[in-house]
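First up is the structure itself, then whatever we jot down about it.
The numbers here are math on the coordinates, done by the rules we state, and not lab data. This structure is a prediction, so every number in the text was calculated from the model and none was measured. Here the Cβ is made from the backbone with ideal geometry for all residues, glycine too, and neighbour counts use every protein chain on show.
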Amino acid sequence: MEIYLDELTKNYGKIRALDSINLKIEGHGCTGLLGPNGAGKTTMLKLITNIIRPSKGKVDLNNVDVSIYPERALSSVGALIEQPEFYSYLTAYEILKFTAKIKGLKKDEFESEIKRLGKLTEIDGFMDRQTGGYSRGMKQRLALSVAMLGNPEIIILDEPTFGLDPKGMVDIRNIIKTLARDHLVLLSTHLIYEARELCDRTIIINKGRIEYDSAMAPERELLKVTAENTINIMSDKIKDYSRDGNAFIIEKNKNVTNSEVINDLMKQGLKIDYVEKYDNLEDIYVSVINGRVTDSISS
């Protein structure tokens, strides 16, 4: 399972929507493209799935060039790109059956596959209803079923929880977590908490460029220590720290345990209320989008 992008570029007239992207994603797990609207996320996914052609560069899926051999390259791919729309007079069953035939599934195969997906996405009770009466959430579930039909190795999802109610978002995320156990899932989102919850690897894209890749970032374990008082910390167990109101964001030195840090701080007179693991993805995102690069603990 592999997606490989080589100098991938897309121009729309004088506008460069995607700028010389080099990226390799392999193995199972979930990789997230995180960025604001207009960052280039959907453009990248459309290029990967051969919906549009690059101005420069190429996409290989499992070592097959998608522009030269699209049928072979995409045979192992399922995708949900942008917001799903279906012929309103067709039922979910008819749409899944039609898709299954396109993918070459035999009747006994697609019947069992439709049952599996209907149960997984919870649309099994709506299979015989025309999709014109479906809510946005039901259409999203059906589109996810279409993407998963035939159990493809690579699943590409463009903002799969967009417009859903809270329960629908939770349900779709749980499905994605299940898929990521033995599939390569690539999804786009503009929600930081969604990337944090779902993704093993997070790539921040802005203005058509990759600005951050968690796989390339130095591994750091950060703690957030909330205290009643503030002191000037001096400790050989701490590599760096910053203050956030009445809290300290602390980067530990290598091979130092949390308890060693906490005991050291308490000996220095810090009255600790609460300790938690600190995720600085939001800080990184804001710095990237604002065009700000900093070496501080919060970057």
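3J(HN,Hα) couplings calculated from phi for segment 63-74 with the Karplus curve 6.51 cos²θ - 1.76 cosθ + 1.60 (θ = phi - 60°) are, in sequence order, 6, 10, 5, 5, 6, 8, 10, x, 4, 5, 5, 8 Hz; Gly and Pro show x. When the P(r) of segment 222-289 is calculated, the portion above 16 Å amounts to 44% of the C-alpha pairs. Footprinting exposure proxy ranking of 47, 270, fewest other C-beta atoms within 10 angstrom first, gives 270, 47.
Select from segment 197-227 those GluC sites (Glu not before Pro) which occupy a DSSP coil region and have at most 11 other Cβ atoms within 10 Å, ordered by residue number.
On the way: sites: 197, 211, 219, 221; in loops: 219, 221.
Qualifying residues, ordered by number: 219.
For residue 56, the amide hydrogen comes within under 5 Å of the amide hydrogens of 9, counting only partners 5 or more places away or on other chains and with H modelled in the peptide plane.
Expressed as a rounded percentage, what relative contact order does segment 222-289 have, with Cα pairs under 8 Å and six or more residues apart? Before the final figure, lay out each step's value.
Working: 92 pairs, mean separation 29.6, N = 68.
Relative CO of segment 222-289 lands at 44 percent.
Kindly flag which residue pairs out of 239/277; 224/277; 10/103; 177/224; 56/103; 106/177 have an alpha-carbon separation exceeding 18 Å in this structure. List each step's numbers first, then the result.
Working: 239/277 16 Å; 224/277 6 Å; 10/103 29 Å; 177/224 27 Å; 56/103 29 Å; 106/177 28 Å.
Table pairs above 18 Å Cα-Cα are 10/103; 177/224; 56/103; 106/177.
Under a point-charge model restricted to the Cβ atoms of Lys and Arg (+1) and Asp and Glu (-1), what is the dipole moment magnitude of the chain relative to its Cα centre, in debye to the nearest 20?
Values: 41 positive and 44 negative charges, 136 e Å.
Around 660 debye, computed over the chain.
Each of 196, 141 was scored by other Cβ atoms within 10 Å of its Cβ. Arranged with the fewest first, they read 196, 141. Between the residues 232, 287, 263, the greatest Cα displacement towards the positive end of the dipole of segment 222-289, with unit charges on the Cβ of Lys, Arg, Asp and Glu, is found for 263. Each label was represented as a point 7 Å from its Cα along the Cα-to-Cβ direction; for residue 209 and residue 224 these points are 3.0 nm apart. The C-alpha atoms of the chain define a longest principal axis, and helix 107-121 lies at about 40 degrees to it.
What list do you get for 9, 178 if you sort them by fewest beta carbons within 10 Å?
Numbers: 9 16, 178 11.
Result, fewest neighbours first: 178, 9.
As I understand it, the value is the acute angle between the Cα axis of helix 258-267 and the longest principal axis of the Cα atoms of the chain; what does it come to in degrees, rounded to 10? Approximately 30 degrees, to the nearest ten. Note that segment 174-189 has calculated 3J(HN,Hα) couplings of 5, 5, 4, 4, 5, 4, 5, 5, 9, 10, 8, 10, 10, 10, 10, 7 Hz, one per residue in order, obtained from phi through the Karplus relation 6.51 cos²θ - 1.76 cosθ + 1.60 (θ = phi - 60°); glycine and proline are x.
Length, then width, then depth: along the principal axes, the Cα atoms of the chain run 71, 45, 31 Å.
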